[in-house]
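Undergrad: Mind looking over this structure? Questions follow.
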Amino acid sequence: MRIHTKVTEGLGIQIPVIQGGLAYLAYSKLAAAVSNAGGLGQITAMSLPDEKALQLEIKAVKSLSSRPFGVNFAIGQHGRPYEHMLEAAIEEGVKVISITGGNPAPFIKKLDKTGIKTLVLVSSVRQAQKAEESGADFIMAVGQEGGGHIGRADTGTIALIPRVVEAVSLPVIASGGIVDGKGLAAALSLGAEGIEMGTRFIAASECEHAHPAYKQAILDGSEEDTVVIKRSLGAPGRAVYTPFIEKILEMEKESHGFEELKDYISGEANRKYIHEGREKEGFGWAGQGMGGIKEVLSASEILRRLESEAIKVLSELQQRIKR
């Protein structure tokens, strides 16, 4: 038994699950493992130093998998030009590109007539409508439970997804707080055609760049062990609670501006924790769904369990309907 949706059909995958972009973590081995397991694996483009590095990562995925995969472009957070990186992805024949942060319209315009499928991450109905107007192929809607950068409105996934589904004609992918088959079943019930998961794949054995201490924090933490930082800067993001995060929150409470905060919220500070495990010197993103993550598994096992659980839940719900 398989779950067939517009996402599986449109992206040529077997299970309607997209692996999140995961800055500084989503590289070839993880992407290939997710794709081989039936989902859509992704490489994080803007965490790489240049287009040559991106080309190498793309080639590496192709050497490990013949299945579809994507490249994620976080165009709003890194403050770097992306055009040369995008050209590299096009030249390498990438079939799927996801866009997070920033205005997707110029980005999508550059992909016109390439045949590349585009997925745009949004956090509100208005953003979803704008993405549809810009020519996106799929909408990924993230609720405030998600890890990493989220919307400013604090709208939860269960409230956001049906609203976005009603507002656009494109297939909608649900994101934010989803880590298992129950979450997939719930997303499908809300009208979504699939899900995006980030935090669950950090605790995957193929996510080799994630330090064991970071993975352990996710395994040990509950839904109450994440906090939102950068709210005072208009770019809220959900992270694992650590002593370093407490310092950031204190500075924000005291109305420190970007110049004073920038070293604390930089990519370097992010890597100090997620790559090196230095929790007093850096931070790591994670969603509230980490309370449901109890062990490090391979990408294959994560998706196998997720699919079987979702089918079981949906079947049991069907059996509850009585004439």
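Each reported figure results from applying straightforward, stated rules to the coordinates on display, with no laboratory input. Source: prediction; values computed, not measured. Heads up, the Cβs are rebuilt from the backbone with ideal geometry, glycines too, and the neighbour counts pull from every protein chain shown.
Undergrad: Considering only C-alpha atoms, what is the centroid distance from the stretch 84-128 to the stretch 242-267, in Å?
TA: After rounding, the separation between the Cα centres reads 31 Å.
Undergrad: Continuing with this model, one more query. Hey, quick one: spin label on ALA235, modelled 7 Å out along Cα-Cβ, who in the stretch 132-175 has an amide N within reach, i.e. under 19 Å?
TA: 142, 144, 146-154
Undergrad: Nearest 0.05, what FRET efficiency do LYS52 and LYS109 give at R0 = 25 Å with Cβ-Cβ as r?
TA: With a Förster radius of 25 Å, E is 0.50.
Undergrad: Let me ask something else about it. Could you list the residues of the stretch 119-139 with an amide nitrogen less than 16 Å from a label point located 7 Å from the Cα of SER169 in the Cα-to-C-beta direction?
TA: Residues passing the 16 Å test: 129-139.
Undergrad: Name the residue from ILE99, MET46, PRO68 whose Cα lies farthest towards the positive end of the charge dipole of the chain, charges +1 on Cβ of Lys and Arg and -1 on Cβ of Asp and Glu.
TA: PRO68
Undergrad: Further question: Return the percentage of antiparallel bridges among DSSP beta bridges fully within the stretch 120-252, rounded to the nearest 5 %.
TA: Expressed as a percentage, antiparallel bridges in the stretch 120-252 total about 40.
Undergrad: Calculate, in nm to one decimal, what ASP154 and GLU309 gain on full extension: separation in residues at 0.36 nm each, minus their alpha carbon distance.
TA: 52.9 nm
Undergrad: For SER189 and SER298, compute 0.36 nm times the residue count separating them, minus their Cα-Cα distance, and round to one decimal in nm.
TA: 36.5 nm
Undergrad: Given points 7 Å out from each Cα along the Cα-Cβ axis, report the SER222 to GLU250 separation in nanometres with one decimal.
TA: That separation, rounded to one decimal, is 2.5 nm.
Undergrad: Please give the calculated 222 nm ellipticity per residue for the chain, where each DSSP H segment of at least 4 residues contributes -39500 (n - 2.57) and the sum is spread over every residue; nearest 500 deg cm²/dmol?
TA: -11500 deg cm²/dmol
Undergrad: Another question, if that's okay. Note the full-extension length gain between ASP263 and ILE90 as 0.36 nm times their separation in residues minus their Cα-Cα distance, in nm to one decimal.
TA: Roughly 58.9 nm would be gained on extension.
Undergrad: Taking the Cα atoms of the chain alone, what are Rg (to one decimal) and Dmax (as a whole number) in Å?
TA: Both quantities, over Cα of the chain: 18.5, 64 Å.
Undergrad: Let's test the formula: R0 of 22 Å, r as the Cβ-Cβ distance of HIS4 and GLU133. What FRET efficiency results, to the nearest 0.05?
TA: That pair, HIS4 with GLU133, gives E of 0.20.
Undergrad: Assuming a ≥ b ≥ c are the square roots of the Cα gyration tensor eigenvalues, decide whether the stretch 1-152 counts as rounded (a/c under 1.5), prolate (otherwise, with a/b larger than b/c) or oblate.
TA: rounded
Undergrad: Quick one: work out the % antiparallel among DSSP beta bridges in the chain, nearest 5.
TA: If I count the DSSP bridges inside the chain, around 20 percent turn out antiparallel.
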